2 protein chains.
Amino acid sequence: MTAEQTRHRRNLKTVNRALASGTFSEVRQVLNNLPGAEAAHLIESSPPREREILWQLLNQEQETEVLQYLGEEVRVELLRDLPTEELVELIEDLDTDDLADLLQELPEQVTSRVLAGLDAQNRERLEQVMNYPEDTAGGLMNTDVITVRPEITFSVVQRYLRRLGDIPKTTDNLLVVNRKNQFVGVLPLTRVLISDPGTSVREAMITDVEAIPATQDAHEVAKLFERLDLVTAPVVDDNGMLVGRITIDDVVDVIMEEAEHSLMGMAGLDEDEDTFGSVWHTVRRRALWLGINLLTALAASAVISLFEDTLEKVVALAVLMPIVASMGGIAGSQTLTLVIRAMALGQVQAGNTRYLLTKELAVGALNGLLWALVIGATAALWFDDPSLGVIIGCAMILNLVVAAGAGALIPMVMKRMGIDPALAGSVVLTTVTDIVGFMAFLGLATLLYANLVV
Amino acid sequence: MTAEQTRHRRNLKTVNRALASGTFSEVRQVLNNLPGAEAAHLIESSPPREREILWQLLNQEQETEVLQYLGEEVRVELLRDLPTEELVELIEDLDTDDLADLLQELPEQVTSRVLAGLDAQNRERLEQVMNYPEDTAGGLMNTDVITVRPEITFSVVQRYLRRLGDIPKTTDNLLVVNRKNQFVGVLPLTRVLISDPGTSVREAMITDVEAIPATQDAHEVAKLFERLDLVTAPVVDDNGMLVGRITIDDVVDVIMEEAEHSLMGMAGLDEDEDTFGSVWHTVRRRALWLGINLLTALAASAVISLFEDTLEKVVALAVLMPIVASMGGIAGSQTLTLVIRAMALGQVQAGNTRYLLTKELAVGALNGLLWALVIGATAALWFDDPSLGVIIGCAMILNLVVAAGAGALIPMVMKRMGIDPALAGSVVLTTVTDIVGFMAFLGLATLLYANLVV
């Protein structure tokens, strides 16, 4: 266990014990002396009722600090009932992009009152960020840029920076703009440090940097940061005007959210799902997904019911039939997961789709053959019936090939239809593999046993 | 579609067409004029045989560039057969941490020859990084630190930096060490820029920065970076000696790898799984997972076979039995996914395990009740048999509660046993939900129908 984990566990214990015994003063002391990130972590790891109490125990300075590190859902939950005045005081020090995200989740009358409560400069900046959807470069950006003109010298730059006094966190570059505020290049701070004070910005700036359009998708922004190892990047509007900058910490959040979205989506969960949220809230969120699954399971049952006569005669079929469906589901979800990841990485293109599909079908066929032999032999020996072995073997190969094809095609088709494959892909896939699995196995059995009997 | 995607697609098309028609000169021109990251992306999006050809067409300068951006598996595949001399020339410009990772994957005699081919300073740095496992802070770190002593003034610092000339990429802080090379604090470059040249390092440095122990787990490092919005962090050995620094771009790689590990692991895939790898390679990798699943499916079949007599009498049971098992699997995997994520975020601790378990059991019971009513009514009407509705309803509630408990407890128990729940959790879970599902449904039916008949 790391030092950090040990500390977190100890804090959680102290807080739990103190809350249970009602000695709030101890909790207040612990909470307000923790770094903001750790106090936020502690609040998120507590059940809803305790969260409220812990939040009440924070002093105002710590509240602002903690707020920055709380997850979206928890943040909204804690802030919803605050009086507007208190809310404004609390949140006006947040980064512009965080503030914009937060306001978009609060009720509209609260948002407008908060906007009215801000000073002119902050309001203008905030409105600029709020102009863009949350999942675009414009929604991610901050407006705390330091700009310089190309014609000035480094000694002027350095004097200007000294006068400013406060350089925003994570500033690696100054941004160079022309008289119209159009972005022309970046000037790394390290160049200012190591170059002759007489150098002009124009001589030293880097111009082959692509500014990010404010409307660009957050996912693309993250890929760009990852591929070019960026720390910050300038953001421009349609006219090339500099409107802000994106910093790596916000990109890391995007990457983590996307990863959670894929992972949680596969289980029909929202990436914001609150682990310690209330039971009622959770039941409602998950019921829908279970309901959809019930419908698909009923569809599979309908397929089975077509073969009631055969099942009545050969009860071994009922014993073995879940195997074919289950193997198809597993093989298909391997392909599905792989293709969804490859699509997210931008690797799947018109030029290689055919290769990918062929490869997956071949893999499905070969693995189908392998496990068909194993299950065929097992079934034949178990029920002392060679034809049963042949039937389940053939059904297995067929279902694994179909599973591979479905696993590869479903996400591609869904993407073209504008449906998120990470969310809906696995339901559609298992519906296909269940139906094909039962149909192939029971259908083949019906054909074969009918012939044997006649 | 973004400009970048359009460009990638166009390039891929050009390359595919040219490769097909054998006009390599055109491909060579396209490849060597692309930014390294894009050329690497293009190579990774191609089938194995084309990859070899594309790699051959790169000129040496571009090869070095591209190498940095290739995924691990593809990189090793392309480098394995190179003569050592060429290899050394190619890789000596890589970052120390990338080089260390790469060497650990190549055959040992290649590694030692490469080490022998490096100059003394590079070899020493490399060996230092290779001392630590790849997934620790030491394995992630680079050795390109700029250190200063506390007693010097900013004008000396600035003169020193000018003499160095080249400040490594992503340098936001200078690292302050004492005479024994022990880490004492960081000095942000921005402070050097804006402060009076007479200021001493000691006055301006930040000392409440925790250095990361070289043995710390990469996952913990990533959490620290994310929580504190770091760009770089110093790494120290057991004696507090500064041994290197970690930069955010390597942390982003860790975060992405972990995310892929969770996602791919759920489907029994390795996070390095090569989307366009060869069929044979892929078949072998996936066969094991399917084999494990076949065993668990056979276990479920064994349970069903206990009730052959009942199934023979009431064939409707065979039609409905997959529903109970399937709903349990879905509900359980929702809980499993949630708990695995919460554990990865460090939210699950001794203090809140009981709350989490109780909450999930309650959610399982409520959703079980809801869908038991729906499926009970459906089954009773479908087969015109009210007792069948009661049986499937009770089995559903039971299986959903068991699924919630299993989904919450399996990852916790596995973690304690040192097994990765992201990899093995879902297999164990579905085995439990299948067996309990079939057992509950068919067992209840056997009891009830036996009583009715007698």
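If you add up the charges near residue B:448, with Lys and Arg at +1 and Asp and Glu at -1, over every other residue whose beta carbon is less than 13 angstrom from its beta carbon, what do you get? Write down the numbers at each step before the final one.
Working: positive: B:313; negative: B:385.
Every neighbour counted, the sum reads 0.
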task = Please work out the Kirkwood hydrodynamic radius for the range B:147-266, using every pair of different C-alpha atoms, and report it in angstroms with one decimal place.
result = 15.6
note = Heads up, the range B:279-453 by the C-alpha gyration tensor (a ≥ b ≥ c square roots of eigenvalues; a/c under 1.5 rounded, else a/b over b/c prolate, else oblate) looks oblate
remark   = Summing -39500 (n - 2.57) over every DSSP H run of at least 4 residues in chain B and dividing by its residue count gives a helix-only mean residue ellipticity at 222 nm, to the nearest 500 deg cm²/dmol, of -22500 deg cm²/dmol
query = PRE reach from residue B:420 (point 7 Å along Cα→Cβ): which of the range B:48-80 fall under 16 Å by backbone N?
reply = B:72-73
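Across peptide A:160-172, what mean number of C-beta atoms from other chains lies inside 10 Å of a residue's C-beta? Could you put the intermediate results ahead of the total?
On the way: counts 1, 3, 4, 1, 1, 2, 2, 6, 1, 5, 5, 5, 7.
Counting other chains' Cβ atoms within 10 Å and averaging over A:160-172 gives 3.
Mind checking the mean number of beta-carbon atoms from other chains within 10 Å of the Cβ atoms in A:337-343?
Numbers: counts 9, 9, 1, 2, 9, 6, 1.
Partner-chain Cβ atoms within 10 Å, mean over residues of A:337-343: 5.
What FRET efficiency would be calculated for the residue pair residue B:257, residue A:353, taking the C-beta separation as r and a Förster radius of 25 Å, to the nearest 0.05? Present the calculation step by step, with values, prior to reporting the outcome.
Values: r = 26 Å, r/R0 = 1.04.
With R0 = 25 Å, the Cβ-Cβ based efficiency is 0.45.
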Extreme residue, positive dipole direction of chain A, given options A:24, A:361, A:242 (C-beta unit charges) = A:361
request  = Can you tell me the FRET efficiency between residue B:210 and residue B:239 if r is taken as the Cβ-Cβ distance and R0 is 22 Å, rounded to the nearest 0.05?
outcome  = 0.85
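Highest first, please rank the peptides A:309-315, B:177-183 by the mean number of other Cβ atoms sitting within 10 Å of their residues.
Details: A:309-315: 18.3, B:177-183: 15.0.
Ranking, from highest mean packing down: A:309-315, B:177-183.
Please arrange A:219, A:41 by how many other C-beta atoms lie within 10 Å of their C-beta, fewest to most.
Sorted ascending by nearby Cβ count, the order is A:219, A:41.
So what's the convex hull volume per residue for the Cα atoms of the range B:350-454, in Å³?
Values: hull volume 10.9 nm³, N = 105.
Here the figure is 104 Å³ per residue.
Would you mind giving the three semi-axes, in whole Å and largest first, of the ellipsoid equivalent to the range B:3-139 according to its Cα gyration tensor? List each step's numbers first, then the result.
On the way: eigenvalues 186, 47, 31 Å².
With the √(5λ) rule applied to the range B:3-139, the semi-axes are 31, 15, 12 Å.
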request  = May I ask you to compute the full-extension gain from residue A:450 to residue A:228, defined as 0.36 nm times their residue separation minus their alpha-carbon distance, rounded to one decimal in nm?
outcome  = 73.4 nm
request  = Can you tell me the dipole magnitude for chain A around its Cα centre, using point charges on the Cβ only (Lys, Arg +1; Asp, Glu -1), in Debye to the nearest 20?
outcome  = 1120
remark   = In Å, the C-alpha Rg and Dmax of the range A:30-93 are 10.7, 28
inquiry  = Ranking request for peptides B:197-204, A:376-383: highest mean number of other beta-carbon atoms within 10 Å first, then the rest in descending order.
reply    = A:376-383, B:197-204
query = In nm, one decimal, shortest first: how far is the label point of residue A:169 (7 Å from Cα along Cα to beta carbon) from the matching points in the other copies?
reply = 2.5
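Other chains near B:41-47: what is the mean number of their Cβ atoms within 10 Å of each residue's Cβ?
Working: counts 5, 3, 0, 4, 9, 4, 5.
Across the residues of B:41-47, the mean count of other-chain Cβ atoms within 10 Å is 4.
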Convex hull of Cα atoms in the range A:273-378, direction-averaged projection (nm²) = 11.0
Segment residue A:120-residue A:312, length gained on full extension (0.36 nm per residue, minus Cα span) = 61.3 nm
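Suppose a student asked you for the relative contact order of chain B, using Cα pairs under 8 Å spaced at least 6 residues apart; what percent would you report?
On the way: 572 pairs, mean separation 51.5, N = 454.
It rounds to 11 percent for chain B.
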query = In debye, nearest 20: dipole of the range B:192-271 around its Cα centre with unit charges on the Cβ of K, R (+) and D, E (-)?
reply = 360
message = What are the extents of the Cα atoms of the range A:73-113 along their three principal axes, in Å, largest first?
response = 21, 20, 16
task = Have a look at B:314, B:168, B:343 and report the one farthest towards the positive end of the charge dipole of chain B, computed about the Cα centre with Cβ charges (Lys/Arg +1, Asp/Glu -1).
result = B:314
message = Quick check: the distance between the Cα centres of the range B:328-397 and the range A:51-130, to the nearest angstrom?
response = 36
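Net charge around residue A:367, counting only other residues with Cβ within less than 13 Å of its Cβ (Lys, Arg = +1; Asp, Glu = -1)? Before the final figure, lay out the partial values.
Numbers: positive: A:359, B:284, B:285, B:286; negative: A:360.
Every neighbour counted, the sum reads +3.
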remark   = Note: the protein assembly as shown, point scatterers on Cα, Debye, no solvent; log10 I/I(0) at q = 0.06, 0.10 Å⁻¹ equals -0.48, -1.25
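Estimate the FRET efficiency between residue B:284 and residue B:162 by the formula 1/(1 + (r/R0)^6), using the beta-carbon distance for r and 60 Å for R0, to the nearest 0.05.
0.60
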inquiry  = If each label sits 7 angstrom from Cα along the C-beta direction, how far apart, in nm, is residue B:384 from its counterparts in the other copies?
reply    = 3.8
ask   = Given label points at 7 Å from Cα along Cα→Cβ, what nm distances, shortest first, separate residue B:416 from the same residue in every other copy?
value = 5.1
request  = Jot down the radius of gyration and Dmax of chain A, Cα atoms only, both in angstrom.
outcome  = 29.7, 101
task = List every DSSP H helix in chain B whose Cα atoms extend 30 Å or more along the helix's own long axis and whose mean Kyte-Doolittle hydropathy is at least 0.0.
result = B:279-305, B:316-344, B:353-382, B:386-416, B:421-453
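To the nearest 20 debye, what charge dipole does the protein assembly as shown have about its Cα centre, counting +1 at the Cβ of each Lys and Arg and -1 at the Cβ of each Asp and Glu? Before the final figure, lay out the partial values.
On the way: 68 positive and 124 negative charges, 137 e Å.
With Lys and Arg at +1 and Asp and Glu at -1, about 660 debye.
Coordinate-derived values only; no laboratory data. Here the structure is a predicted model, which means the values were calculated and not measured. Note that we place each Cβ from the backbone using ideal geometry, even for glycine, and neighbour counts take in every protein chain shown.
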